[in-house]
Amino acid sequence: MKLNILMFGITKDIIGQSKLAFELPDRSTVPDLIASLKAKYPALKDLSSMMIAVNNEYGQKDQTLQESDEVALIPPVSGG
Amino acid sequence: MSDIHFSKEELERYSRHLIIPEFNIEGQRKLKAAKVLIVGTGGLGAPLLSYLVAAGVGTVGIVDFDVVDDSNLQRQILFTVDDVGRPKVEAAAERLRRQNPHVQIITYNTQLTSDNALDIIKDYDVVADGTDNFPTRYLVNDACVLLNKVNVYASIFRFEGQLSVFNYTDKEGKVSPNYRDLFPEPPPPGLVPSCAEGGVIGVLPGILGSLQANEVIKVISGVGEPLAGKLFLFDALTFETRTLKIYRDPANPLNGEHPTQTALIDYEMFCGIPGSEDEKQQVKELSVQDLYALIENKKDFQLIDVREPYEYEIANLGGELIPLNQIEEAVDKIASNKQVVVHCRSGVRSGKAIEKLEKKYGFTNLYNLKGGILAWADEIDHSVPKY
């Protein structure tokens with residue numbers, strides 16, 4: 001299935017773009033997606049804290065993903 | 001609230017609030033009775049303070065330990081060139097008292113720490129977090145949860161902003177998520193740049209800080225629905241806005257199902273920021289004075305600049321430009337048979353470059369220029385612009 005990944009903050013720098021179409025096997029979960037992204041972009045492994053929002057909602061960490069889900073990677077930012 | 005009275009001058013000043021049907025004099029009374037603490041007098045603090053003081057919040061506290069710097073003026077619109085070098089809280093308070101003499105301004109010219117945070121925050125009803133670093137963000141969050149205060153949070157990076165109302169108790173007694181529910185752990189030090197390291201477009205804190213001020217006013221007056229249980233994201237580049245639903249984390253150490261933290265902790269340590277110099281000393285370093293001596297004595301060495309071309313254009317020391325993210329492709333351009341000095345703006349990126357080159361390619365002849373081109377501008381050549 002195809003997922004639409006949106007990057008925020010420093011993940012834009014790490015992945016090199018702000019939007020990404022990402023292919024994963026059907027019935028993959030949020031942790032599966034993160035593991036695949038970390039394998040492809042190893043610098044993501046350093047980001048210990050990152051919000052993952054699926055279709056504008058941040059909730060269950062082990063959620064199962066569906067075709068064309070929009071997944072936002074939101075790391076903390078500290079500027080003021 | 002009926003014991004809160006307004007003078008004729010105040011009624012005239014606040015008339016645009018008083019004639020809003022759902023706000024009216026009741027909303028204004030609540031503002032006047034309220035005490036709000038603003039932590040950080042920077043880009044977010046400027047609009048926050050300006051609008052809250054203009055709006056007539058009765059007591060406004062300001063915490064900051066810094067002095068006004070030239071590089072603040074691009075976005076911190078509370079300050080003028082005459083304020084450069086002055087303590088921020090002092091310059092801000094002076095201007096704010098002129099803006100609205102009916103507001104009591106209390107200043108704390110100090111860094112908020114685990115030792116003083118509870119003592120300072122306990123006297124306020126609402127806190128607005130406009131700080132610029134992770135340790136203080138966790139400190140403000142934890143202190144607000146421990147003291148049961150609302151924390152109106154905003155944070156910015158380059159063109160992006162985040163906003164939420166943390167630890168807000170609604171009419172049913174439900175408490176909204178806090179920072180720890182979103183980000184249980186801080187990122188490792190150096191990974192997420194601050195405004196000083198990563199830059200920020202000047203108007204962005206103006207936008208986010210204004211939204212933050214609006215949320216503070218809503219929380220105090222009870223008018224409207226505060227951004228509790230939601231995280232607002234704004235991208236100024238694309239004008240994309242998102243409002244995400246957020247939830248409490250049962251594992252939150254402060255107020256989850258099994259709280260383990262009942263007091264403030266050492267936030268510098270929590271965020272992995274080394275307390276002493278020796279923990280940082282992983283790569284060999286060279287001072288700007290040593291570099292100056294190498295140049296003066298015409299020593300044979302290589303100088304490498306790992307910044308970006310647009311930074312090189314602002315100021316350079318004549319080094320060979322190899323941006324950090326291209327360092328591995330250019331590894332054959334780096335000498336292994338003589339001393340190599342690597343520099344960047346402040347010494348962080350060049351340290352990372354050296355770490356990588358030492359670990360992966362076995363270099364032993366690399367020296368990090370301590371303090372980078374900023375230290376060179378301070379100590380060797382004042383004509384080099386600092387940015």
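The values are calculated or read from the model by the stated rules, or taken from the named source; none is laboratory data. Please read these numbers as outputs of a predicted model, since none were measured by experiment. Cβ: placed from backbone, ideal geometry, glycine included. Neighbour counts: every protein chain shown. Note: accessible area is taken over every heavy atom of the protein model, side chains too, but ligands, DNA and RNA are not part of it. Shrake-Rupley method; radii C 1.70, N 1.55, O 1.52, S 1.80 Å.
Summary of computed values
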| quantity | calculated |
| --- | --- |
| Ranked order, B:107, B:260 - accessible area, probe 1.4 Å, largest first | B:260, B:107 |
| Among beta bridges that DSSP assigns inside the stretch A:2-74, antiparallel share in %, nearest 5 | 75 percent |
| Three-way shape call for the stretch B:65-199 based on the alpha-carbon gyration tensor, with the a/c threshold at 1.5 | oblate |
| Charge dipole of the protein assembly as shown about the Cα centre (unit charges at C-beta), most positive-ward option of B:264, B:31, B:198 | B:31 |
| Antiparallel bridge percentage (DSSP; both residues within the protein assembly as shown; nearest 5) | 45 percent |
| Residue-by-residue Karplus 3J(HN,Hα) for the stretch A:74-79, coefficients 6.51, -1.76, 1.60, Hz, glycine and proline x | 10, x, x, 10, 10, x |
| Relative contact order (percent, whole number), chain B, Cα cutoff 8 Å, 6+ residue spacing | 13 percent |
| Within chain B: Cβ-based charge dipole about Cα centre, in debye rounded to nearest 20 (Lys, Arg +1; Asp, Glu -1) | 780 debye |
| Selected from B:130, B:209, B:85 as most flexible by GNM, with chain B as the system and alpha-carbon contacts under 10 Å | B:85 |
| Computed over chain A, Kirkwood Rh from alpha-carbon pairs, angstrom | 12.7 Å |
| GNM flexibility winner over chain B from B:22, B:311, B:329 (Cα, springs under 10 Å) | B:329 |
| By accessible area with a 1.4 Å probe, ligands and nucleic acids excluded, highest first: order of B:131, B:80 | B:80, B:131 |
| Virtual paramagnetic centre 7 Å along Cα→Cβ of residue B:379, amide N under 14 Å, in the stretch B:281-301 | B:285-294 |
| Antiparallel bridges, percent of DSSP beta bridges restricted to the stretch B:285-379 (to nearest 5) | 0 percent |
| Net charge, residue B:339 excluded, C-beta distance under 11 Å - Lys, Arg +1, Asp, Glu -1 | +1 |
| Charge context of residue B:6, other residues only, Cβ under 13 angstrom, K/R +1, D/E -1 | 0 |
| Area accessible to solvent at residue B:320, 1.4 Å probe radius, in Å² | 80 Å² |
| Accessible area, probe 1.4 Å, largest first, for residues B:5, B:102 | B:5, B:102 |
| Cα-based convex hull, the protein assembly as shown, per residue volume (Å³, whole number) | 163 Å³ |
| Around residue B:131: net Lys/Arg minus Asp/Glu count, Cβ-Cβ under 14 Å | -4 |
| The stretch B:149-249 shape via C-alpha gyration tensor axes, a/c threshold 1.5 | oblate |
| Cα lying deepest toward the dipole's positive end in chain B, options B:291, B:68, B:334, charges on Cβ | B:68 |
| Accessible-area value, residue B:51, 1.4 Å probe, nucleic acids and ligands omitted, Å² | 130 Å² |
| Dipole-positive endmost among A:33, A:16, A:66 within the stretch A:2-74 (Cβ charges, Cα centre) | A:16 |
| Where trypsin sites (Lys or Arg not before Pro) fall in DSSP loop in the stretch A:16-46, at most 16 other Cβ within 10 Å | A:27 |
| Given B:298/B:338; A:2/B:352; B:352/B:386; B:8/B:30; A:12/B:370; B:149/B:174, the pairs whose alpha carbons are separated by over 24 Å | A:2/B:352; A:12/B:370 |
| Alpha-carbon spread of chain B, three principal axes, descending order, Å | 81, 51, 41 |
| Given charges at beta-carbon only (K, R positive; D, E negative), |dipole| of the protein assembly as shown in Debye | 600 debye |
| For the stretch B:63-149, size of Cβ-based charge dipole, Lys and Arg +1, Asp and Glu -1, in debye | 280 debye |
| Å² of accessible area per residue within the stretch A:2-74, as computed with a 1.4 Å probe and no ligands counted | 49 Å² |
| Calculated Rg and Dmax of the stretch B:51-124 using C-alpha coordinates, Å | 12.9, 35 |
| Solvent-accessible surface (1.4 angstrom probe) belonging to residue B:1, in square angstrom, nearest 10 | 100 Å² |
| Estimated D of the stretch B:285-379 in µm² per second, where Rh is the Kirkwood radius over Cα pairs and Stokes-Einstein applies at 10 °C, 1.306 mPa s | 121 µm²/s |
| Potential extension, residue B:314-residue B:241 segment - 0.36 nm per residue separation minus Cα distance | 23.0 nm |
| Per-selection Kirkwood Rh - the stretch B:1-152 (Cα, Å, 1 d.p.) | 16.0 Å |
| Chain B - mean residue ellipticity at 222 nm from DSSP helices (-39,500 (n - 2.57) per run, n ≥ 4, rounded to 500) | -9500 deg cm²/dmol |
